[in-house]
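Worksheet: the structure to be examined is printed underneath.
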Amino acid sequence: MAYDTDPALQKQLIYSVFVRNHTKEGSFRALIPDLDRIHSLGTDIIWLLPIHPIGEINRKGSLGSPYAIRDYRAVNPEYGDLSDLRALADAVHERGMRLMIDVVYNHTSPDSVLWNEHPEFFYRKPDGKPGNHVGEWTDVIDLEYTNKDLWDYQIETLKSWAEIVDGFRCDVASLVPVGFWVRARKEIAKIKPGFVWLAESIHRSFNAECRLRGMYAATDTEAFEAFDIEYEYDIRDAFDRYLDGSGSLSHWMDLLNFQDFAYPKNYNKLRYLENHDTDRIASRMEGFSLKNYTALIFFLKGTTLLYGGQEVASDHRPTLFDADPVDWDTGTDLSPFITELAKLKKDTLSPDDLFLAEADDSQDIAVLTRDDGVCRKTGVFSFKGMACDVKVSLPDGSYDDLIGGGKVSVKDGHLRCEGDPVWITSPAFKEV
């Protein structure tokens with residue numbers, strides 16, 4: 001793990017904002033009036049999808065992907081100017097939150113400032129032309145990190161943004177050398193201690209594919225040397241297979257256990273149901289299921305992520321390529337529930353908790369246990385909203401349900417679940 005990762009990050013909530021689509025105006029200034037609401041959810045860090053000018057050559061859609069960056073050292077004029085970004089950062093800080101921006105260092109747009117000024121920084125295809133390793137990414141060209149002058153340029157850029165913001169979310173971080181990220185982290189720490197580094201580590205299946213192509217692709221274990229938090233794409237395939245019915249709940253739970261066994265003690269995985277690259281979770285489930293899955297991601301070990309619109313159960317995935325404002329008037333508001341879960345996460349869970357996930361495949365129920373030797377935390381999540389008796393490792397008795405506010409009973413080692421998620425605490429239980 002990175003030597004100075006703050007364990008407190010495991011109790012925190014990151015809220016992701018696509019500036020273009022978060023408000024009708026799609027600007028930095030227009031986001032400021034919404035900060036109080038975002039903060040009230042329990043948010044600690046606001047992450048902005050890329051804020052830089054977008055390339056025009058091979059642009060996808062009318063406005064282009066924010067991940068096809070034309071100039072790393074400028075601000076997208078559609079969002080405002082540098083003074084507007086600073087005003088947003090000041091407003092975020094005034095509310096006790098931190099601001100994180102997206103860093104897209106694997107590639108640029110084909111018409112980028114960097115390509116025009118330093119063509120030697122780029123990967124070349126066998127025909128000598130710039131290109132990329134992932135063919136469907138037709139609006140970008142890849143950088144070549146064997147050139148150490150590129151490292152200097154990129155780190156100087158990061159230093160300038162670190163004067164304004166408090167963290168970086170690093171796009172497809174696994175495809176950029178870990179050594180670069182380690183050096184960047186150390187240099188940023190000299191000017192802003194406590195800076196937060198989030199890696200979009202890639203799916204295991206994609207990682208294997210990249211390696212078979214002869215590409216550089218760091219494992220999650222390697223990347224933890226440079227990053228505080230990593231995506232949980234290492235087990236996401238199992239989650240998706242369970243949702244679409246081709247995989248089992250127990251397999252997904254087993255992989256959660258494997259993470260806790262295989263990674264360093266203070267590992268931190270980003271826990272989410274959706275992000276800007278996935279379908280909205282509300283398009284895949286509703287009702288009891290959505291409530292149980294939402295409670296689960298707050299109970300898991302790791303920093304929790306919400307993508308703007310998730311709190312109103314938006315089921316429309318905004319496109320990256322055109323203006324597509326979030327519909328905030330869905331008729332559903334999970335905000336009070338999310339606020340409650342964020343508080344429970346901060347108040348009851350510990351980064352030092354031991355962790356165990358168990359599954360009842362016949363009833364689609366997961367039982368998660370976290371225990372720091374003093375307090376045992378038990379979460380029961382019924383993904384089909386079924387009422388049933390669930391085996392738990394707790395003494396018989398009556399317990400306060402911290403989510404529902406009522407009581408739940410354990411009899412003969414079984415807890416009665418009525419379909420809603422259950423979150424209870426008890427003294428650490430040790431069998432004699």
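The values are calculated or read from the model by the stated rules, or taken from the named source; none is laboratory data. Keep in mind that what you see is a predicted model, and the values were worked out from it rather than measured. Glycine also receives a Cβ, built like all others from the backbone with ideal geometry; neighbour counts cover every protein chain displayed. Side chains included, ligands, DNA and RNA excluded: accessible areas come from the protein's heavy atoms. Shrake-Rupley method; radii C 1.70, N 1.55, O 1.52, S 1.80 Å.
Where in the stretch 177-266 are there helices (runs of 4 or more DSSP H), lying fully within it, with 2 or more residues that are under 24 Å from E136 (Cβ atoms) and open to solvent by 50 Å² or more (accessible area, probe 1.4 Å)?
Ranges flagged: 204-212.
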- line: Just one listed residue, out of R86, R95, R29, is open to solvent by 40 Å² or more (accessible area, probe 1.4 Å) and closer than 30 Å to F299 by Cβ, and it is R95
- prompt: Applying the selection to the stretch 342-363, what residues are of a type in the set (A, V, I, L, M, F, W, C), within 21 Å of the chain's Cα centre (by Cα) and closer than 13 Å to K377 by Cβ?
  reply: L344, L349, F355, A357
field: Residues being of a type outside the set (F, W, Y), under 19 Å from P53 (Cβ atoms) and within 24 Å of the chain's Cα centre (by Cα) - total across the stretch 96-138
entry: 7
field: Failed criterion for E25 (all others in (1) in contact (Cβ under 8 Å) with a residue 24 or more places away in the chain; (2) in a loop (DSSP other than H, G, I, E, B) hold)
entry: (1)
- prompt: If you scan the stretch 128-171, which residues turn out to be in contact (Cβ under 8 Å) with a residue 60 or more places away in the chain, within 29 Å of L88 (Cβ to Cβ) and open to solvent by 30 Å² or more (accessible area, probe 1.4 Å)?
  reply: S160
query: Right, G80: in contact (Cβ under 8 Å) with a residue 24 or more places away in the chain, open to solvent by 60 Å² or more (accessible area, probe 1.4 Å), outside any helix (DSSP H, G or I) and more than 29 Å from E209 (Cα to Cα) or not?
result: no
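Residues checked against (1) among the polar types (S, T, N, Q); (2) open to solvent by less than 60 Å² (accessible area, probe 1.4 Å); (3) touching a helix residue (DSSP H, G or I) at 6+ places or on another chain (Cβ under 9 Å); (4) in a loop (DSSP other than H, G, I, E, B):
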| residue | (1), (2), (3), (4) |
| --- | --- |
| D324 | no, yes, yes, yes |
| D327 | no, no, yes, yes |
| T339 | yes, yes, yes, no |
| L356 | no, no, yes, no |
| Q363 | yes, yes, no, yes |
| T369 | yes, yes, no, no |
| G373 | no, yes, no, yes |
| T425 | yes, yes, yes, no |
message: Criterion first (basic (K, R) and crowded, with 22+ Cβ neighbours inside 10 Å) does R70 satisfy it?
response: yes
- request: Sort out which residues of the stretch 304-322 are surrounded by fewer than 22 Cβ atoms within 10 Å (Cβ to Cβ) and touching a residue at least 60 places away in the same chain (Cβ under 8 Å), and write them in order of number.
  value: P318, T319, L320, F321, D322
task: Using the structure shown, decide if G42 is open to solvent by less than 40 Å² (accessible area, probe 1.4 Å), over 23 Å from T303 (Cα atoms) and either part of a helix (DSSP H, G or I) or in contact (Cβ under 8 Å) with a residue 60 or more places away in the chain (or both).
output: no
- line: For the stretch 273-297, pairs from a residue that is more than 15 Å from L341 (Cα to Cα) to a residue that is open to solvent by less than 20 Å² (accessible area, probe 1.4 Å) and among the β-branched types (V, I, T), with Cβ under 6 Å and 6 or more apart or across chains, are E274/I281
field: Residue list for the stretch 402-418, restricted to those being surrounded by 13 or more Cβ atoms within 10 Å (Cβ to Cβ) and not β-branched (V, I, T)
entry: L402, G404, G413, H414, L415, R416, C417, E418
task: Inspect the stretch 101-111 for any residue being open to solvent by 60 Å² or more (accessible area, probe 1.4 Å) and either farther than 26 Å from W47 by Cβ or touching a Pro at 6+ places or on another chain (Cβ under 6 Å) (or both) and give the result as yes or no.
output: no
message: Considering only the stretch 377-389, I want to know if a residue exists there that is part of a loop (DSSP other than H, G, I, E, B) and of a type in the set (V, I, T).
response: no
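With the requirement that a residue be assigned to a helix (DSSP H, G or I) and either open to solvent by less than 10 Å² (accessible area, probe 1.4 Å) or touching a Lys or Arg at 6+ places or on another chain (Cβ under 7 Å) (or both), what does the stretch 267-282 give you? Let's see the steps before the verdict.
Restricting attention to the stretch 267-282, the residues satisfying the condition of being assigned to a helix (DSSP H, G or I) are 281-282.
Result: I281, single match.
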